[in-house]
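Asker: Sharing a structure here in structure tokens format.
The values are calculated or read from the model by the stated rules, or taken from the named source; none is laboratory data. These figures come from a predicted structure and were not determined experimentally. So basically every Cβ, Gly included, is an ideal-geometry build from the backbone, and we count neighbours across all protein chains shown. Just the protein is used for accessible areas: all its heavy atoms, side chains included, with ligands, DNA and RNA removed. Shrake-Rupley method; radii C 1.70, N 1.55, O 1.52, S 1.80 Å.
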Amino acid sequence: RCRYGSAPLIIGSQLDHNISSSFGGGVLSESSSPTIQDCVVAQNSAGYGAGLCLRGSTASVRGCTIVSNGAPGYFCSMGVQGGGIYCESSSPEIIGCVINANQVGRYSQNQVEGRGAGLYIDEHSGPA
């Protein structure tokens, strides 16, 4: 968890098999500017941003593999968003990344609800 003006370097790390009941299974960046480089972010779960959750963030995400993360929906009463990456009011730099095989879904009255299995960008975001 990166918060409130922090700017950590996360380089060459494997972030996997983490669970959050709300935001950011692998990484949660709130009002911060982390550099996440050459990392594997895999098999994490959360309601929003199972792999990476960027809220008010100017993160730099470079050369990362973001795979097999899931926002399954049983955590949230609302629809789920951003299996791989969720951006809310953020302007991240996402360069040279593989974003693959991420999932969203919540069953409600026999329907699956969810948005942005790979990447969900909210209306107040502007990723590069």
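Asker: Of everything in region 55-86, what is surrounded by 24 or more Cβ atoms within 10 Å (Cβ to Cβ) and either modelled with pLDDT of 95 or more or under 25 Å from TYR4 (Cβ atoms) (or both)? Give them in sequence order.
Answerer: Hits for region 55-86 are SER57, ALA59, VAL61, CYS64, ILE66, ASN69, ALA71, GLN81, GLY82, GLY84, ILE85, TYR86.
Asker: What tally of residues in region 1-14 results from selecting those that are closer than 15 Å to ASN44 by Cβ and open to solvent by less than 60 Å² (accessible area, probe 1.4 Å)?
Answerer: Count: 2.
Asker: Answer yes or no: is there a residue in region 1-14 that is basic (Lys, Arg) and assigned to a loop (DSSP other than H, G, I, E, B).
Answerer: yes
Asker: Now for a separate question. Taking region 28-54 as the region of interest, how many residues are among the β-branched types (Val, Ile, Thr) and either open to solvent by 10 Å² or more (accessible area, probe 1.4 Å) or part of a loop (DSSP other than H, G, I, E, B) (or both)?
Answerer: The number of residues fulfilling the criteria is 2.
Asker: Considering only residues that are under 13 Å from the mean Cα position of the chain (by Cα) and modelled with pLDDT of 95 or more, look in region 1-29 and name the one that is farthest from GLY70 (Cα to Cα).
Answerer: Selected residue: SER29.
Asker: Can you tell me which residues in region 88-114 are under 23 Å from VAL40 (Cα atoms) and either modelled with pLDDT under 75 or surrounded by 15 or more Cβ atoms within 10 Å (Cβ to Cβ) (or both)?
Answerer: GLU88, SER90, SER91, PRO92, ILE94, CYS97, ILE99, ALA101, ASN102, GLN103, VAL104, GLY105
Asker: Against the conditions (1) over 14 Å from PHE23 (Cα atoms); (2) part of a strand (DSSP E or B); (3) at pLDDT below 90, where does TYR120 fall short? Just the number, please.
Answerer: It fails just one condition, (1).
Asker: Which ones in region 15-27 are open to solvent by less than 30 Å² (accessible area, probe 1.4 Å) and not in a loop (DSSP other than H, G, I, E, B)?
Answerer: Selection gives VAL27 alone.
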